[in-house]
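The values are calculated or read from the model by the stated rules, or taken from the named source; none is laboratory data. Remember, it's a predicted structure, so these values are computed and weren't measured experimentally. When we count neighbours, we look across all protein chains shown, and the Cβ atoms used for this are built from the backbone with ideal geometry, even at glycine. All accessible areas refer to the heavy atoms of the entire protein, side chains included, with ligands and DNA or RNA removed. Shrake-Rupley method; radii C 1.70, N 1.55, O 1.52, S 1.80 Å.
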Amino acid sequence: TKNGKYPIWVSQGNLGELGSRLKKIVNPSIGYVITDQGANRYAREVQRSMESIGIKSHCFTMEPGEEHKNLSTVELIYTWLAERKAERSHVIVAVGGGVVGDLAGYVAATYLRGLPVVHVPTTLLAMMDSSIGGKTGVDLMQGKNLVGSFHQPKFVLVDTNTLQTLPKRILTEGWAEGLKHGLALDKSLLESFEKNASDLKKLDLDVTTKLIKHSISIKAERVSEDEFEKLGKRILLNYGHTIGHAIESITNYSSYLHGEAVSIGMMAAASLSKSMEMMSGVEVERQKNLLQKYNLPTTSNDIDADKIIEAIKSDKKTVGGSVNWVLLETIGKAVTNNEVPEHFLIEALSQLRK
């Protein structure tokens, strides 16, 4: 990125290395661990690793769930940091899933006009996607991630052993972001998902770790090419996200996990791609079958076309009132298109209803 390179370490059982890597790369005297109740056990392990190397630590445990990824939680953490007299030479360590990473990253980007941050993702979704690339953000009632900043981490440490304690639904939603990388950008990754579905679903960690590395490399390449999403390359990582974010927004971030909403959004985007005479019906069916194979939703009872269209108008990718859709020319090749007729969107949304 414009501020230089940063490493991403991916392996089984490397959580205990956090302290020594932190010492070598950032060398802070104090670290502020931000986590939630689901990842608390790993936050404690991170703290032990930091303390063992002489880095003093404090821990803030936020309420879990997207509905808490808001400015109220940010203010609580600002106050907590101020009470502990946090300094710019200290560090924030985000331990948890995408909600924790997005929110802790935003706090790090804005408190004292910027503290260094390190990401320790503990969910599949955060490992494959949200911890990489420096996007931070919180939600407003009007839409998802409308307040945020680009703030690259000093490093990312992925310990795939943490996946073993994830609730089944949280593990399952994570596959959506990896499948998205394959569908939008890398046919060979998608073929790996198809070929290894049985091993991945039962969480064979050797196979899973290898696939996570592949998925991360795809995202890292796009971020390196287009860090601030201005060149039309990084935006391709948003396949399925326009309608996915709208679904999350109109259901108050409480009915669907992010990966579930993205999965439904990808089906809508595939339908739009077919209507625009890009994807074939066979390819749309291939995508649907693969999402269903990983137990991801492809339809929804919560599709209110008027509300979804209204929410889309607040989307970050809307320019001059026109939505910059990410569609598939074919599987493995995403493109952007801002000339999708509204009647195609209404038709796509009607197909999502059960």
Residue match in the range 248-270 (condition: in a loop (DSSP other than H, G, I, E, B), touching a strand residue (DSSP E or B) at 6+ places or on another chain (Cβ under 7 Å) and at pLDDT 95 or above): no
Write out, first by first residue and then by second, each pair whose Cβ atoms fall under 7 Å of each other, whose residues are 6+ apart or on separate chains, and whose first residue, in the range 171-195, is part of a helix (DSSP H, G or I) while the second is of a type in the set (S, T, N, Q). Thr172/Asn295; Gly174/Thr123; Ala176/Ser263; Gly178/Ser215; His181/Ser215; Leu183/Gln287; Leu189/Ser215
Could you run through the range 51-86 and say how many residues are within 22 Å of Ser255 (Cβ to Cβ) and part of a helix (DSSP H, G or I)? 6
Filter result for Leu272 (open to solvent by less than 20 Å² (accessible area, probe 1.4 Å), touching a residue at least 24 places away in the same chain (Cβ under 8 Å) and farther than 24 Å from Lys69 by Cβ): yes
In the range 110-165, which residue that is open to solvent by 20 Å² or more (accessible area, probe 1.4 Å) and in a helix (DSSP H, G or I) is nearest to Pro7 (Cα to Cα)? Ser130
For the range 84-109, which positions are surrounded by fewer than 16 Cβ atoms within 10 Å (Cβ to Cβ) and on the phi > 0 side of the Ramachandran plot? Lys85
Taking the range 213-235 and keeping residues surrounded by fewer than 19 Cβ atoms within 10 Å (Cβ to Cβ), within 16 Å of the chain's Cα centre (by Cα) and basic (Lys, Arg) leaves Lys213
Out of (1) open to solvent by less than 70 Å² (accessible area, probe 1.4 Å); (2) at pLDDT 95 or above, the one Glu329 does not meet is (1)
Filter the range 283-301 for residues that are open to solvent by 60 Å² or more (accessible area, probe 1.4 Å) and modelled with pLDDT under 95 and give the result. Asn301
Look at Leu81 and say whether it is at pLDDT 95 or above and surrounded by 16 or more Cβ atoms within 10 Å (Cβ to Cβ). yes
Give the range 238-257 a look and list any residue that's touching a residue at least 60 places away in the same chain (Cβ under 8 Å) and either charged (D, E, K, R) or open to solvent by less than 30 Å² (accessible area, probe 1.4 Å) (or both), or say none. Asn238, Tyr239, Gly240, His241, Thr242, Ile243, His245, Ala246, Ile247, Glu248, Ser249, Tyr253
Counting just the residues of the range 15-34 that are open to solvent by 60 Å² or more (accessible area, probe 1.4 Å) and either β-branched (Val, Ile, Thr) or outside any helix (DSSP H, G or I) (or both), which one comes out farthest from Glu87 (Cα to Cα)? Ile25
Considering only the range 273-313, how many residues are in a helix (DSSP H, G or I), of a type outside the set (A, V, I, L, M, F, W, C) and touching a helix residue (DSSP H, G or I) at 6+ places or on another chain (Cβ under 7 Å)? 7
Count - residues of the range 80-113 that are among the acidic types (Asp, Glu) and either within 15 Å of Gln37 (Cα to Cα) or free of Cβ contacts under 8 Å to residues at least 12 places away in the same chain (or both): 1
Please list, ordered by first then second residue, the pairs with beta carbon atoms under 6 Å, 6 or more apart or interchain, first in the range 219-236 and under 14 Å from Ile132 (Cα atoms), second assigned to a helix (DSSP H, G or I) and open to solvent by 20 Å² or more (accessible area, probe 1.4 Å). Arg234/Arg222
